[in-house]
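Contents: one structure, followed by commentary.
Each value in this text was obtained by applying a stated rule to the coordinates, not by laboratory testing. Just so it is clear, the structure is predicted and the values come from calculations on it, not from any experiment. Ideal geometry is used to build each Cβ from the backbone, glycine not excepted, and the neighbour counts take in all protein chains shown.
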Amino acid sequence: MATTVTNAGQAVAGESTVLSWLGGWFRSHKRTTAYIGVALVVAAALFGWNFIAEKTAERSASRQLTQGRLALDSKNYPLAASVLSQVVENYSGTHAAQQGSILLAQVRLAQGQTKQAIDILRRAAPEADKYFRAQTYSLLGAAYENAVQPKDAAAAYESAADAALYPFLRAQFLSDAGRAWLAAGDTARATAAYRIIAQKLDSTSAAGEAKVRLGELTKGAAGLQRK
């Protein structure tokens, strides 16, 4: 017991010594201490201001995004394009801007401006976070198909499949990729896409069609080998 009391006393004494030293240091370095205090206050103020600014930007971007979506739904494409372009340009990095890029590309496709849609999506897709990346790449694939660029479309669909958060979406994007690879004349890559669905995603709704396509492709390949 005596040893325990002695150790506790030594610990308290040690803490007292450290506190005394700190107190002495602060008293002898009053100007430095003041600078540190000011710096901490400024840092806290900047953090608070940035936090408030980010929240304000998100709210403003969300309001404009809603306006742009309503204009798109009502087929007022010039207004939708104008509003959504502002969201993308003025609120870069926000979720609203990422959604805005997708909607703006949809507007350009509806206007028959496929090249502009591709340009928007090519910029947006690599920077999109996990909640929007698959959708952005999928729409890019559709835009490439519109432009009759099946090879690029297939690659975009495969990127969408890689980014998909759910198995049924991954299966759908791989099915889209398989279709595009077939259009590009690359049966080997189409077969690979359908095989992944059939073997690894066979519980999804896309599995049935994938197995049919896979059967057609492998049967055709077998026929060519016999010839």
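Rounded to whole numbers, the Karplus 3J(HN,Hα) couplings from phi for the stretch 155-163 are 5, 5, 5, 5, 5, 4, 4, 5, 8 Hz, using 6.51 cos²θ - 1.76 cosθ + 1.60 with θ = phi - 60°, and x at Gly and Pro.
Neighbour counts of other Cβ atoms within 10 Å put 166, 157 in the fewest-to-most order 166, 157. Answer rounded, prolate or oblate for the stretch 55-141, using the Cα gyration tensor with square roots of eigenvalues a ≥ b ≥ c: rounded when a/c is under 1.5, else prolate when a/b is larger than b/c, else oblate. Here the stretch 55-141 falls in the oblate category.
If the limit is 32 Å between Cα atoms, which of 75/211; 115/219; 130/200; 75/200; 115/211; 75/130 go over it?
Details: 75/211 39 Å; 115/219 38 Å; 130/200 22 Å; 75/200 40 Å; 115/211 34 Å; 75/130 29 Å.
Flagged as over cut-off: 75/211; 115/219; 75/200; 115/211.
Would the stretch 95-210 count as rounded, prolate or oblate if I go by the C-alpha gyration tensor, calling it rounded below 1.5 in a/c and otherwise prolate when a/b exceeds b/c, oblate otherwise? Verdict is oblate for the stretch 95-210. The alpha-carbon positions of the stretch 63-112 define a convex hull whose volume is 55 Å³ per residue.
Note down the net charge around residue 198, summing +1 for each Lys or Arg and -1 for each Asp or Glu among other residues with Cβ under 12 Å from its Cβ. Mind showing how you got there, number by number?
On the way: positive: 195, 200, 211, 213; negative: 202, 209.
Net of charged neighbours comes to +2.
For the pair residue 115 and residue 129, the difference between a 0.36 nm per residue extended length and the Cα-Cα distance amounts to 2.7 nm. Site pair residue 60 and residue 183 shows an inter-label distance of 4.0 nm when each label is modelled 7 Å from Cα along Cα→Cβ. Rounded to the nearest 20, the Cβ-based charge dipole of the stretch 164-222 about its Cα centre (Lys and Arg +1, Asp and Glu -1) stands at 100 debye.
Computed from the C-alpha gyration tensor, the three semi-axes of the ellipsoid equivalent to the stretch 99-164 are 17, 14, 8 Å, from longest to shortest. From least to most packed, judged by other beta carbons within 10 angstrom and beginning with the fewest, 58, 158 follow the order 58, 158. Basic side chains Lys and Arg get +1 at the Cβ, acidic Asp and Glu get -1 at the Cβ, and with that the dipole of the stretch 68-227 about its Cα centre reaches some 500 debye.
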